[in-house]
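Before any comments, here is the structure.
The values are calculated or read from the model by the stated rules, or taken from the named source; none is laboratory data. If you're wondering where the values come from, they're calculated on a predicted model, not measured in any experiment. Counting neighbours? That spans all protein chains shown, and the Cβs are built from the backbone with ideal geometry, glycine included. The area values use the complete protein model at the heavy-atom level, side chains included, leaving out ligands, DNA and RNA. Shrake-Rupley method; radii C 1.70, N 1.55, O 1.52, S 1.80 Å.
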Amino acid sequence: GSVARELLPQLHESGLGFADLFLDFPKYRIRPMNAQCTIAFSLMEVRNPPEPPSNARILGRHVRMGLFDKSGVLSNVHYVPAIFNYNSQKAWKFSRKGSLLFPRDDENTCFARTSLDIKLCLLFECCLVVARQAEKTNIMNTTTSKDVFEVCIGWGILPLLTADGGPVENRTYEIKLFRGSPFDKEGKSLESPVKSIFKGIIQQLIAPSKSPKLVIRLWKLGKSVLRDLNKLPQTFIYSLSGLPVLAFYREALARTLLSTKKVKPLGPQFEPALALLPRIAGESDLMVLLVAVWDQKLKSAKRSEKKSFSKMKKKFTESILSVWPLLFACDIPPHIPGDEERIQTRQTFIRTYQEFGVVECLTSRKANITFRPFSAQDEVCYNYLGLLSDLQKPL
(Lines give C-alpha, C1' and ligand atoms only; values in the text may rest on other atoms or scores of the structure.)
Protein backbone atom coordinates (compact mmCIF):
# COMPACT_ATOMS: atom_id res chain seq x y z
CA GLY A 1 0.00 0.00 0.00
CA SER A 2 0.92 3.64 -0.38
CA VAL A 3 1.75 6.13 2.37
CA ALA A 4 -1.32 8.21 1.46
CA ARG A 5 -3.59 5.18 1.91
CA GLU A 6 -2.16 4.33 5.33
CA LEU A 7 -2.38 7.94 6.55
CA LEU A 8 -6.10 8.07 5.72
CA PRO A 9 -8.06 7.27 8.90
CA GLN A 10 -10.06 4.06 8.80
CA LEU A 11 -13.77 4.13 9.56
CA HIS A 12 -15.07 1.96 12.39
CA GLU A 13 -17.25 -1.00 11.42
CA SER A 14 -20.29 0.84 12.76
CA GLY A 15 -19.53 3.84 10.56
CA LEU A 16 -20.02 6.15 13.52
CA GLY A 17 -16.38 7.03 14.08
CA PHE A 18 -12.78 6.17 13.27
CA ALA A 19 -11.00 2.98 14.22
CA ASP A 20 -7.51 4.48 14.38
CA LEU A 21 -7.98 8.20 15.11
CA PHE A 22 -9.32 9.57 18.39
CA LEU A 23 -9.51 12.95 20.09
CA ASP A 24 -9.15 13.58 23.79
CA PHE A 25 -11.96 16.14 24.06
CA PRO A 26 -11.18 17.51 27.56
CA LYS A 27 -7.61 18.34 26.44
CA TYR A 28 -8.66 18.78 22.78
CA ARG A 29 -5.67 16.91 21.39
CA ILE A 30 -5.09 13.60 19.66
CA ARG A 31 -5.38 10.56 21.89
CA PRO A 32 -2.21 8.44 21.62
CA MET A 33 -2.51 4.79 20.58
CA ASN A 34 0.02 2.29 21.89
CA ALA A 35 1.08 -0.41 19.46
CA GLN A 36 1.90 -3.97 20.44
CA CYS A 37 5.25 -3.67 18.70
CA THR A 38 7.25 -0.52 17.87
CA ILE A 39 10.84 -0.72 16.67
CA ALA A 40 13.45 1.55 15.13
CA PHE A 41 16.17 0.09 12.92
CA SER A 42 18.97 1.15 10.60
CA LEU A 43 19.94 -0.61 7.39
CA MET A 44 23.72 -1.03 7.65
CA GLU A 45 24.76 -2.98 4.55
CA VAL A 46 24.02 -5.86 2.19
CA ARG A 47 26.95 -8.29 2.22
CA ASN A 48 27.82 -10.40 -0.81
CA PRO A 49 24.80 -9.39 -2.91
CA PRO A 50 24.03 -11.71 -5.83
CA GLU A 51 25.67 -10.67 -9.08
CA PRO A 52 23.26 -9.00 -11.51
CA PRO A 53 22.82 -10.22 -15.11
CA SER A 54 25.74 -9.14 -17.28
CA ASN A 55 23.52 -7.65 -19.99
CA ALA A 56 21.38 -5.56 -17.59
CA ARG A 57 21.72 -1.78 -17.51
CA ILE A 58 21.52 -1.04 -13.79
CA LEU A 59 20.36 2.42 -12.80
CA GLY A 60 20.49 1.96 -9.05
CA ARG A 61 19.83 -0.23 -6.03
CA HIS A 62 17.47 -0.03 -3.09
CA VAL A 63 15.81 -2.07 -0.35
CA ARG A 64 12.05 -2.02 -0.03
CA MET A 65 10.30 -3.23 3.10
CA GLY A 66 6.88 -3.79 4.58
CA LEU A 67 5.04 -5.66 7.33
CA PHE A 68 4.39 -9.22 6.17
CA ASP A 69 2.45 -12.23 7.52
CA LYS A 70 3.19 -14.96 4.91
CA SER A 71 -0.06 -14.16 3.11
CA GLY A 72 0.57 -10.58 2.00
CA VAL A 73 1.95 -7.16 2.86
CA LEU A 74 -0.20 -5.50 5.53
CA SER A 75 1.34 -2.02 5.57
CA ASN A 76 2.66 0.63 3.25
CA VAL A 77 5.87 -0.20 1.36
CA HIS A 78 8.93 1.88 2.24
CA TYR A 79 12.09 2.30 0.15
CA VAL A 80 15.69 3.03 1.21
CA PRO A 81 18.23 3.73 -1.58
CA ALA A 82 21.60 1.99 -1.43
CA ILE A 83 25.01 3.63 -1.84
CA PHE A 84 26.98 1.45 -4.23
CA ASN A 85 30.78 1.49 -4.46
CA TYR A 86 31.81 0.38 -7.94
CA ASN A 87 35.41 -0.25 -6.78
CA SER A 88 34.26 -2.73 -4.14
CA GLN A 89 31.15 -4.51 -5.33
CA LYS A 90 30.86 -6.95 -2.41
CA ALA A 91 28.53 -4.77 -0.36
CA TRP A 92 25.78 -2.17 -0.54
CA LYS A 93 25.94 0.66 1.99
CA PHE A 94 23.06 2.85 3.14
CA SER A 95 24.76 5.72 4.95
CA ARG A 96 27.87 7.80 4.42
CA LYS A 97 28.20 8.41 8.17
CA GLY A 98 30.40 6.15 10.25
CA SER A 99 29.00 6.98 13.70
CA LEU A 100 27.66 4.20 15.92
CA LEU A 101 25.33 6.63 17.72
CA PHE A 102 21.59 6.61 17.05
CA PRO A 103 21.39 8.04 13.47
CA ARG A 104 17.88 9.43 13.70
CA ASP A 105 18.29 11.90 10.82
CA ASP A 106 19.69 9.38 8.34
CA GLU A 107 17.49 8.14 5.53
CA ASN A 108 18.47 4.54 6.33
CA THR A 109 16.97 4.71 9.86
CA CYS A 110 13.31 3.69 9.89
CA PHE A 111 10.55 2.75 12.28
CA ALA A 112 7.82 0.14 12.14
CA ARG A 113 4.80 -0.29 14.39
CA THR A 114 1.95 -2.75 14.44
CA SER A 115 -0.69 -4.29 16.70
CA LEU A 116 -1.51 -7.18 14.41
CA ASP A 117 -0.73 -10.90 14.57
CA ILE A 118 2.21 -12.19 16.63
CA LYS A 119 3.53 -13.99 13.54
CA LEU A 120 4.00 -10.70 11.72
CA CYS A 121 7.51 -9.91 10.47
CA LEU A 122 9.41 -7.34 8.47
CA LEU A 123 9.96 -8.31 4.86
CA PHE A 124 13.03 -6.88 3.11
CA GLU A 125 13.59 -7.09 -0.65
CA CYS A 126 16.92 -6.12 -2.22
CA CYS A 127 16.08 -4.69 -5.63
CA LEU A 128 17.87 -3.50 -8.73
CA VAL A 129 16.45 -0.63 -10.76
CA VAL A 130 16.97 -1.75 -14.34
CA ALA A 131 16.41 0.00 -17.67
CA ARG A 132 14.84 -1.90 -20.56
CA GLN A 133 17.13 -2.83 -23.41
CA ALA A 134 15.48 -0.66 -26.06
CA GLU A 135 16.37 2.18 -28.38
CA LYS A 136 16.03 5.66 -26.92
CA THR A 137 13.19 7.64 -28.35
CA ASN A 138 13.65 10.95 -26.54
CA ILE A 139 16.01 13.73 -27.57
CA MET A 140 17.97 13.86 -24.29
CA ASN A 141 18.86 10.14 -24.56
CA THR A 142 17.53 9.43 -21.06
CA THR A 143 15.17 6.82 -19.73
CA THR A 144 11.55 7.58 -18.95
CA SER A 145 9.58 6.11 -16.06
CA LYS A 146 8.02 3.57 -18.45
CA ASP A 147 11.48 2.24 -19.39
CA VAL A 148 12.42 1.41 -15.79
CA PHE A 149 11.44 -1.61 -13.70
CA GLU A 150 12.52 -3.36 -10.49
CA VAL A 151 14.21 -6.74 -10.18
CA CYS A 152 14.31 -8.41 -6.76
CA ILE A 153 17.60 -10.29 -6.29
CA GLY A 154 17.00 -11.49 -2.74
CA TRP A 155 14.60 -11.26 0.19
CA GLY A 156 14.75 -11.84 3.94
CA ILE A 157 12.51 -11.56 6.99
CA LEU A 158 12.91 -10.35 10.57
CA PRO A 159 10.31 -11.51 13.14
CA LEU A 160 9.01 -8.56 15.15
CA LEU A 161 8.26 -10.59 18.27
CA THR A 162 9.87 -13.58 19.94
CA ALA A 163 8.17 -16.97 20.20
CA ASP A 164 6.67 -16.08 23.59
CA GLY A 165 5.35 -12.73 22.35
CA GLY A 166 8.08 -10.54 23.80
CA PRO A 167 9.93 -7.76 21.94
CA VAL A 168 13.02 -8.59 19.92
CA GLU A 169 16.37 -7.57 21.40
CA ASN A 170 17.97 -4.27 20.40
CA ARG A 171 21.13 -5.41 18.63
CA THR A 172 22.62 -6.06 15.20
CA TYR A 173 20.98 -8.75 13.06
CA GLU A 174 22.33 -10.49 9.97
CA ILE A 175 19.31 -11.47 7.89
CA LYS A 176 19.96 -14.23 5.40
CA LEU A 177 18.68 -13.49 1.90
CA PHE A 178 16.80 -16.02 -0.21
CA ARG A 179 15.76 -16.27 -3.83
CA GLY A 180 12.34 -17.08 -5.16
CA SER A 181 9.19 -15.76 -3.54
CA PRO A 182 8.45 -14.94 0.12
CA PHE A 183 5.21 -16.88 -0.33
CA ASP A 184 7.12 -20.15 -0.77
CA LYS A 185 6.98 -22.54 2.19
CA GLU A 186 10.79 -22.79 2.31
CA GLY A 187 13.17 -20.09 1.12
CA LYS A 188 15.67 -21.07 -1.57
CA SER A 189 19.25 -20.31 -0.54
CA LEU A 190 21.31 -17.92 -2.65
CA GLU A 191 24.57 -19.61 -1.61
CA SER A 192 26.11 -21.85 -4.25
CA PRO A 193 25.53 -25.53 -3.25
CA VAL A 194 28.65 -26.68 -5.16
CA LYS A 195 31.04 -24.60 -3.04
CA SER A 196 29.54 -25.81 0.24
CA ILE A 197 29.91 -29.49 -0.79
CA PHE A 198 33.68 -29.23 -1.22
CA LYS A 199 34.18 -27.37 2.07
CA GLY A 200 35.20 -29.37 5.11
CA ILE A 201 33.27 -29.06 8.35
CA ILE A 202 36.08 -27.17 10.11
CA GLN A 203 36.57 -24.93 7.08
CA GLN A 204 32.86 -24.08 7.06
CA LEU A 205 33.04 -23.12 10.74
CA ILE A 206 36.22 -21.01 10.48
CA ALA A 207 35.86 -19.36 7.07
CA PRO A 208 33.47 -16.41 6.91
CA SER A 209 30.19 -17.14 5.22
CA LYS A 210 29.79 -15.64 1.77
CA SER A 211 26.05 -16.09 1.62
CA PRO A 212 24.14 -12.85 0.88
CA LYS A 213 22.96 -11.12 4.05
CA LEU A 214 21.25 -7.88 5.01
CA VAL A 215 22.70 -6.33 8.16
CA ILE A 216 20.38 -4.17 10.25
CA ARG A 217 20.63 -2.71 13.73
CA LEU A 218 17.73 -2.21 16.14
CA TRP A 219 17.75 0.84 18.41
CA LYS A 220 16.13 1.73 21.71
CA LEU A 221 13.58 4.53 21.41
CA GLY A 222 13.32 7.48 23.77
CA LYS A 223 10.12 8.68 25.43
CA SER A 224 9.72 11.75 23.20
CA VAL A 225 10.04 9.63 20.05
CA LEU A 226 7.53 7.08 21.37
CA ARG A 227 5.15 9.92 22.21
CA ASP A 228 5.18 11.03 18.57
CA LEU A 229 5.00 7.47 17.24
CA ASN A 230 1.82 6.84 19.25
CA LYS A 231 0.09 9.55 17.22
CA LEU A 232 0.53 7.56 13.99
CA PRO A 233 -1.60 4.71 12.59
CA GLN A 234 -1.09 1.44 14.44
CA THR A 235 0.31 -0.25 11.33
CA PHE A 236 2.88 1.93 9.61
CA ILE A 237 6.50 1.98 8.42
CA TYR A 238 8.52 5.02 7.39
CA SER A 239 11.78 6.91 7.76
CA LEU A 240 12.33 8.10 11.33
CA SER A 241 13.50 11.54 10.18
CA GLY A 242 9.95 12.25 8.93
CA LEU A 243 8.36 11.54 12.32
CA PRO A 244 8.00 15.18 13.53
CA VAL A 245 6.12 16.10 10.35
CA LEU A 246 3.89 13.02 10.41
CA ALA A 247 3.08 13.44 14.11
CA PHE A 248 1.96 17.05 13.68
CA TYR A 249 -0.04 16.05 10.58
CA ARG A 250 -1.96 13.44 12.57
CA GLU A 251 -2.59 15.97 15.35
CA ALA A 252 -4.05 18.42 12.82
CA LEU A 253 -6.05 15.62 11.20
CA ALA A 254 -7.66 14.61 14.50
CA ARG A 255 -8.57 18.18 15.44
CA THR A 256 -10.10 18.77 11.99
CA LEU A 257 -12.05 15.56 11.34
CA LEU A 258 -13.26 15.11 14.93
CA SER A 259 -14.07 18.74 15.54
CA THR A 260 -17.42 19.55 17.11
CA LYS A 261 -17.20 23.15 15.91
CA LYS A 262 -17.75 22.31 12.23
CA VAL A 263 -21.05 21.37 10.62
CA LYS A 264 -19.54 18.93 8.08
CA PRO A 265 -16.02 18.02 9.25
CA LEU A 266 -15.78 15.09 6.79
CA GLY A 267 -16.78 17.08 3.72
CA PRO A 268 -14.66 19.37 1.49
CA GLN A 269 -12.83 22.06 3.42
CA PHE A 270 -9.92 24.38 2.88
CA GLU A 271 -7.05 22.47 4.52
CA PRO A 272 -3.88 22.65 2.36
CA ALA A 273 -1.70 20.86 4.92
CA LEU A 274 -4.03 17.86 5.20
CA ALA A 275 -4.54 17.60 1.45
CA LEU A 276 -0.92 17.93 0.31
CA LEU A 277 1.23 16.13 2.88
CA PRO A 278 0.30 12.53 1.86
CA ARG A 279 1.49 13.29 -1.69
CA ILE A 280 4.74 14.86 -0.50
CA ALA A 281 5.37 11.94 1.89
CA GLY A 282 5.24 9.57 -1.08
CA GLU A 283 8.38 11.17 -2.58
CA SER A 284 11.30 10.79 -0.19
CA ASP A 285 13.44 13.71 -1.41
CA LEU A 286 10.54 16.15 -1.15
CA MET A 287 9.82 14.83 2.34
CA VAL A 288 13.45 15.45 3.32
CA LEU A 289 13.07 19.05 2.13
CA LEU A 290 9.81 19.46 4.06
CA VAL A 291 11.42 18.04 7.23
CA ALA A 292 14.23 20.61 6.94
CA VAL A 293 11.79 23.50 6.37
CA TRP A 294 9.58 22.43 9.30
CA ASP A 295 12.63 22.04 11.54
CA GLN A 296 13.64 25.64 10.80
CA LYS A 297 10.10 26.80 11.58
CA LEU A 298 10.22 25.01 14.94
CA LYS A 299 13.60 26.47 15.85
CA SER A 300 12.54 30.02 14.98
CA ALA A 301 9.16 29.79 16.76
CA LYS A 302 8.78 31.61 20.06
CA ARG A 303 7.79 29.80 23.22
CA SER A 304 4.37 31.48 23.23
CA GLU A 305 3.80 30.39 19.62
CA LYS A 306 4.61 26.76 20.42
CA LYS A 307 1.85 26.78 23.03
CA SER A 308 -0.71 27.87 20.42
CA PHE A 309 -1.75 25.06 18.08
CA SER A 310 -3.40 27.46 15.60
CA LYS A 311 -0.16 29.44 15.20
CA MET A 312 1.94 26.28 14.78
CA LYS A 313 -0.56 24.91 12.26
CA LYS A 314 -0.18 28.12 10.26
CA LYS A 315 3.59 27.60 10.21
CA PHE A 316 3.08 23.96 9.26
CA THR A 317 0.85 24.96 6.34
CA GLU A 318 3.43 27.52 5.20
CA SER A 319 6.11 24.81 5.25
CA ILE A 320 4.02 22.48 3.09
CA LEU A 321 3.05 25.22 0.64
CA SER A 322 6.73 26.07 0.16
CA VAL A 323 7.39 22.50 -1.07
CA TRP A 324 4.10 21.87 -2.86
CA PRO A 325 4.98 23.54 -6.25
CA LEU A 326 7.71 20.92 -6.82
CA LEU A 327 4.95 18.35 -7.40
CA PHE A 328 4.00 20.27 -10.56
CA ALA A 329 7.43 21.27 -11.91
CA CYS A 330 7.82 20.21 -15.55
CA ASP A 331 11.60 19.84 -15.49
CA ILE A 332 11.90 17.57 -12.48
CA PRO A 333 11.82 13.85 -13.47
CA PRO A 334 9.23 11.56 -11.85
CA HIS A 335 10.28 10.01 -8.56
CA ILE A 336 11.60 6.45 -8.91
CA PRO A 337 13.17 4.98 -5.74
CA GLY A 338 16.76 3.79 -6.20
CA ASP A 339 17.43 5.38 -9.62
CA GLU A 340 20.77 7.08 -8.83
CA GLU A 341 20.93 9.32 -11.91
CA ARG A 342 17.34 10.43 -11.44
CA ILE A 343 17.93 11.11 -7.74
CA GLN A 344 20.92 13.34 -8.53
CA THR A 345 18.92 15.24 -11.18
CA ARG A 346 16.08 15.82 -8.73
CA GLN A 347 18.51 16.97 -6.02
CA THR A 348 20.08 19.51 -8.38
CA PHE A 349 16.63 20.79 -9.30
CA ILE A 350 15.57 21.04 -5.65
CA ARG A 351 18.72 23.00 -4.76
CA THR A 352 17.98 25.46 -7.58
CA TYR A 353 14.43 25.79 -6.29
CA GLN A 354 15.72 26.51 -2.77
CA GLU A 355 18.21 29.13 -3.98
CA PHE A 356 15.55 31.20 -5.76
CA GLY A 357 12.70 30.59 -3.33
CA VAL A 358 9.10 29.60 -3.96
CA VAL A 359 7.84 33.13 -4.79
CA GLU A 360 10.65 33.81 -7.25
CA CYS A 361 10.16 30.44 -8.96
CA LEU A 362 6.41 30.96 -9.37
CA THR A 363 6.45 34.61 -10.46
CA SER A 364 9.78 35.17 -12.26
CA ARG A 365 11.59 33.63 -15.21
CA LYS A 366 15.04 33.99 -13.59
CA ALA A 367 14.85 30.51 -12.10
CA ASN A 368 13.97 29.06 -15.53
CA ILE A 369 11.44 26.68 -13.96
CA THR A 370 8.12 25.91 -15.60
CA PHE A 371 5.11 24.36 -13.90
CA ARG A 372 2.23 22.24 -15.14
CA PRO A 373 -1.21 23.84 -14.84
CA PHE A 374 -3.18 22.81 -11.79
CA SER A 375 -6.35 23.77 -9.96
CA ALA A 376 -5.42 25.30 -6.62
CA GLN A 377 -8.96 24.76 -5.36
CA ASP A 378 -8.82 21.02 -6.02
CA GLU A 379 -5.33 20.64 -4.59
CA VAL A 380 -5.73 22.48 -1.29
CA CYS A 381 -9.19 21.17 -0.35
CA TYR A 382 -9.30 18.12 1.90
CA ASN A 383 -12.33 15.88 1.35
CA TYR A 384 -12.23 12.79 3.54
CA LEU A 385 -15.38 11.21 2.10
CA GLY A 386 -14.11 11.82 -1.43
CA LEU A 387 -10.76 10.18 -0.66
CA LEU A 388 -12.51 7.25 0.99
CA SER A 389 -14.75 6.65 -2.05
CA ASP A 390 -11.72 6.83 -4.36
CA LEU A 391 -10.01 4.05 -2.38
CA GLN A 392 -13.11 1.84 -2.59
CA LYS A 393 -13.29 2.07 -6.38
CA PRO A 394 -12.12 -1.08 -8.23
CA LEU A 395 -8.75 -0.78 -9.96
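Counting only protein heavy atoms and a probe of 1.4 Å, the accessible surface of region 229-356 is 54% carbon and sulfur. As I understand it, the value is the acute angle between the Cα axis of helix 272-281 and the longest principal axis of the Cα atoms of the chain; what does it come to in degrees, rounded to 10? For 272-281 against the chain, the angle is about 10 degrees.
Placing Thr317, Thr109 in order of accessible area, with the largest value first and a 1.4 Å probe, yields Thr317, Thr109.
By a 1.4 Å probe calculation restricted to protein chains, Asp184 has an accessible surface near 50 Å², given to the nearest 10. Residue ranking by accessible heavy-atom surface, 1.4 Å probe, largest first, among Thr172, Thr38 comes out as Thr172, Thr38. What angle, in degrees between 0 and 90 and rounded to the nearest 10, separates the Cα long axis of helix 243-257 from the longest principal axis of the Cα atoms of the chain? Value to nearest ten degrees: 40. Which of Lys261/Lys313; Lys27/Lys315; Lys306/Lys366 have a Cα-Cα distance over 27 Å? Flagged as over cut-off: Lys306/Lys366. Relative contact order for the chain: 20 percent, from Cα pairs under 8 Å spaced at least 6 residues apart, divided by residue count. Of Tyr384, Tyr86, Tyr238, the residue with the greatest mean-square motion in the GNM of the chain, using alpha carbon springs below 10 Å, is Tyr86.
In terms of the mean number of neighbouring beta-carbon atoms within 10 Å, the peptides 39-47, 173-181, 1-9 order highest first as 39-47, 1-9, 173-181. Rolling a 1.4 angstrom probe over the protein heavy atoms with all chains in place gives the chain an accessible area of 56 Å² per residue.
The spacing between region 237-251 and region 345-382, judged by their C-alpha centroids, is 24 Å. When all protein chains stay in place and ligands, DNA and RNA are ignored, the 1.4 Å accessible-area order of Phe328, Phe149, Phe371, Phe183, largest first, is Phe183, Phe149, Phe371, Phe328.
Seen against the Cα atoms of the chain and their longest principal axis, helix 340-356 is set at about 30 degrees.
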